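A short worksheet on the structure shown next.
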Amino acid sequence: MAERQFTGKHFLAIFVAAFGVIIAVNLVLAYSAVKTFPGLEVKNSYVASQEFNDRLKEHQALGWEIRAETKGGLLILHITDQTGAPVEVAELQAVVGRATHVKEDFTPNFTFDGTAYSTPATLGKGNWNIRLVAKDSDGAEFAQRVPLYVKG
């Protein structure tokens, strides 16, 4: 029985195959990352950074706290003031979606019931973001991303 020798050709084949697998996996992951990237948060980050302190002061002056939950097929937003009392805003816009992609994003139509804002929504298990903009009667704007974890 002839003994096979490990030659340079064998080493080259193993080397090329190993790096071929690494490069293929990296290409697949890079494609996936670019395909699912939702895009830019702001059009001009420099301008947004210049306006940040003004928006922060406006938020702090309003003193609102926002909490989200799901219950009985509803997505519920609790907006409260410094005393914990419910706040009825003049305008409320929101986009609900996953943090990692935009294909499940939707714009809910919240209604105020005197204590909280609610809308029918069936959210799958996992992390969700609610990107909302609320305005008071004077036009002061409160913009916030509210994270929400939905348990199965």
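The values are calculated or read from the model by the stated rules, or taken from the named source; none is laboratory data. The structure presented is a predicted model; accordingly, all values stated were derived computationally and were not measured. Using ideal geometry, Cβ is built from the backbone for each residue, glycine included, and neighbour counts are taken over all protein chains shown. The protein model used for the area step is the full one, side chains on, heavy atoms only, and it has no ligands, DNA or RNA in it. Shrake-Rupley method; radii C 1.70, N 1.55, O 1.52, S 1.80 Å.
Please go through the stretch 82-104 and pick out each residue that is in contact with a Gly (Cβ under 8 Å, 6 or more places away or on another chain), free of Cβ contacts under 8 Å to residues at least 24 places away in the same chain and either of a type in the set (Lys, Arg) or over 24 Å from Gln60 (Cβ atoms) (or both).
Listed by number, the list holds a single entry, Glu104.
When you check Thr80 against the structure, is it under 28 Å from Ser137 (Cα atoms), in contact with a Leu (Cβ under 8 Å, 6 or more places away or on another chain), of a type outside the set (Gly, Ala, Ser) and open to solvent by less than 70 Å² (accessible area, probe 1.4 Å), yes or no?
Against the criterion (under 28 Å from Ser137 (Cα atoms), in contact with a Leu (Cβ under 8 Å, 6 or more places away or on another chain), of a type outside the set (Gly, Ala, Ser) and open to solvent by less than 70 Å² (accessible area, probe 1.4 Å)), Thr80 does not qualify.
Among the listed residues Asn109, Asn26, identify the single one that is polar (S, T, N, Q) and farther than 27 Å from Tyr149 by Cβ.
Exactly one residue qualifies, and that residue is Asn26.
Condition check ((1) modelled with pLDDT under 95; (2) in contact with a Leu (Cβ under 9 Å, 6 or more places away or on another chain); (3) not in a helix (DSSP H, G or I)) across all residues:
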| position | (1), (2), (3) |
| --- | --- |
| Ala2 | yes, no, yes |
| Gln5 | yes, no, yes |
| Lys9 | yes, no, no |
| Ile14 | no, no, no |
| Ala17 | no, no, no |
| Gly20 | no, no, no |
| Val25 | no, no, no |
| Leu40 | yes, no, yes |
| Lys43 | yes, no, yes |
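Might you check whether a residue that is of a type in the set (Gly, Ala, Ser), at pLDDT below 95 and open to solvent by less than 40 Å² (accessible area, probe 1.4 Å) occurs anywhere in the stretch 145-152?
No: zero hits.
Which one is modelled with the lowest pLDDT among residues in the stretch 93-113 that are open to solvent by less than 40 Å² (accessible area, probe 1.4 Å) and either in a loop (DSSP other than H, G, I, E, B) or among the hydrophobic types (A, V, I, L, M, F, W, C) (or both)?
Among those residues, the one meeting the criterion is His101.
Quick one: in the stretch 83-92, which of the residues that are assigned to a loop (DSSP other than H, G, I, E, B) and not acidic (Asp, Glu) is surrounded by the fewest Cβ atoms within 10 Å (Cβ to Cβ)?
Thr83
What number of residues in the stretch 57-70 are open to solvent by 70 Å² or more (accessible area, probe 1.4 Å) and either aliphatic (A, V, I, L, M) or not in a helix (DSSP H, G or I) (or both)?
Number satisfying all stated conditions: 3.
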